[in-house]
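So the structure is just underneath, and the comments pick up after that.
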Amino acid sequence: MAGSTTIPPLSNSQQLFLQRLLVASCMTDADTQQLYDQIKQKFVNIAPTQYEDEEDEKDEGYMGNDLEHCLCLVNGSLVPGFNLEVCTVSLPAPYDEDDEESEGVDEEEDRPKKKRAPLVKYHAIVNRGNDGVAQKHAFPASKGGPHDMAYYRLVIEKIVERGVDLLDNGEGTGVGCPGSMNRMDLINLRTELEGAHEGKLTIAQTENALEVLEGEKWLVRVAPPSEGDSDDDEEGGEEEDDRPKKKRKGKKRGSSTGSRRKSLKGTFYGIGPRSFMECEELLQKAGLPGDRMPQSILHRI
């Protein structure tokens, strides 16, 4: 008969670190390191505590030797206790619209070359089990219902579809999905829900779902694609509602390849690190090649 698993308790500082990571949902390695340093400094002058039921003093400020060690200690309690785990993947750095420098000019296309974003680590606490939430591809049930989850799956399918098209055309390097959709197209995508989900999401509900998806890094903002790389040249600019529309001043388009390949305006979204961590099956079922999936980094003692 197998013995019961002993779950090592976390120190107060480790518990605080875990709580902050849970609230943040997903953090870059730099932000996680900053959080680690802040909590460690917060407990630096707190003396070890002597508990009545324990022989040795307990250092409630103990955070391990470094961030990696701390993640291992946290997982040592999370995995056996709750079937949750701090997971890490490496993906392109978050999009910064203020840092869009190009790397020379592509002579064949007569357009600026896109600078490849460096890879950064993302950390998140993910569900390792096969329970109801995981089976529904991990969209936070507490913040959305079945219609929101159906919408999320549709968003993933459409973005992956565009990414596969780019890959088939020889575009997109490294890991991740190169596909993206602008905000208006994503909001209007609610009209393509079928069956029991048809007509169930309003514009306001869809906008709220997008806020959750972006806030928890299921989706991330990405660089606007070039016009020649996108199907959005003539569509996706307006929401399908009865609100008064603002008139736009028309702009003349030049005939050169360079002007046709200019960056599209608006906010664009791509697949976020949280989706790669928890929804690998959904992504590959939608058509994303397995070699585009980022490798997971384990934190175990």
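Here are some notes:
A quick yes/no check of all residues on (1) touching an Asp or Glu at 6+ places or on another chain (Cβ under 9 Å); (2) modelled with pLDDT of 90 or more; (3) within 26 Å of Met27 (Cα to Cα):
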site	(1), (2), (3)
His197	no, yes, no
Ala209	yes, yes, yes
Glu227	yes, no, no
Asp231	yes, no, no
Ser259	yes, no, no
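- Of all residues in the range 281-301, those that are within 19 Å of Ile125 (Cβ to Cβ) have Cβ atoms under 6 Å from Cβ atoms of residues that are part of a strand (DSSP E or B) and open to solvent by less than 50 Å² (accessible area, probe 1.4 Å), 6 or more apart or on another chain, in Pro294/Val89; Pro294/Ser90; Pro294/Leu91; Ser296/Cys87; Ser296/Val89; Ile297/Thr88; His299/Val86.
- Cβ-Cβ distances below 6 Å connect the following pairs, each with a first residue in the range 206-226 that is part of a strand (DSSP E or B), a second residue that is of a type in the set (D, E, K, R), and a separation of six or more residues or different chains: Ser226/Arg261.
- Candidate set: the range 167-176, residues that are open to solvent by less than 60 Å² (accessible area, probe 1.4 Å) and assigned to a loop (DSSP other than H, G, I, E, B); chosen: the one modelled with the highest pLDDT: Gly176
- One residue stands out in the range 187-203 among those that are open to solvent by 70 Å² or more (accessible area, probe 1.4 Å) and in a helix (DSSP H, G or I): the one that is nearest to Met149 (Cα to Cα), namely Ala196.
- Qualifying residue in the range 41-63 (condition: open to solvent by 80 Å² or more (accessible area, probe 1.4 Å), closer than 30 Å to Gly270 by Cβ and modelled with pLDDT of 90 or more): no
- Residues satisfying the stated conditions in the range 61-91, i.e. more than 17 Å from Asp37 (Cβ to Cβ) and part of a helix (DSSP H, G or I): Cys72, Asn75, Gly76, Ser77, Leu78, Val79, Pro80, Gly81, Phe82
- Flag if Gly179 is in contact (Cβ under 8 Å) with a residue 40 or more places away in the chain and either part of a helix (DSSP H, G or I) or surrounded by fewer than 21 Cβ atoms within 10 Å (Cβ to Cβ) (or both): no
- Set Gly145, Gly81: member being open to solvent by less than 40 Å² (accessible area, probe 1.4 Å), over 18 Å from Gly215 (Cα atoms) and either modelled with pLDDT of 60 or more or touching a strand residue (DSSP E or B) at 6+ places or on another chain (Cβ under 7 Å) (or both): Gly81
- Index of the failed condition, Arg162 passing every other in (1) within 24 Å of Val120 (Cβ to Cβ); (2) at pLDDT below 95: (2)
- The one condition in (1) modelled with pLDDT of 95 or more; (2) crowded, with 21+ Cβ neighbours inside 10 Å; (3) within 30 Å of His299 (Cα to Cα) that Phe139 fails to fulfil: (1)
- Residue list for the range 262-301, filter: outside any loop (DSSP other than H, G, I, E, B) and among the charged types (D, E, K, R): Arg274, Glu278, Glu280, Glu281, Lys285, Asp291, Arg292
The values are calculated or read from the model by the stated rules, or taken from the named source; none is laboratory data. The structure presented is a predicted model; accordingly, all values stated were derived computationally and were not measured. Cβ sites come from the backbone with ideal geometry, for glycine too, and all protein chains shown count toward neighbours. Please note that ligands, DNA and RNA were not included when accessible areas were found on the heavy atoms of the full protein model with its side chains. Shrake-Rupley method; radii C 1.70, N 1.55, O 1.52, S 1.80 Å.
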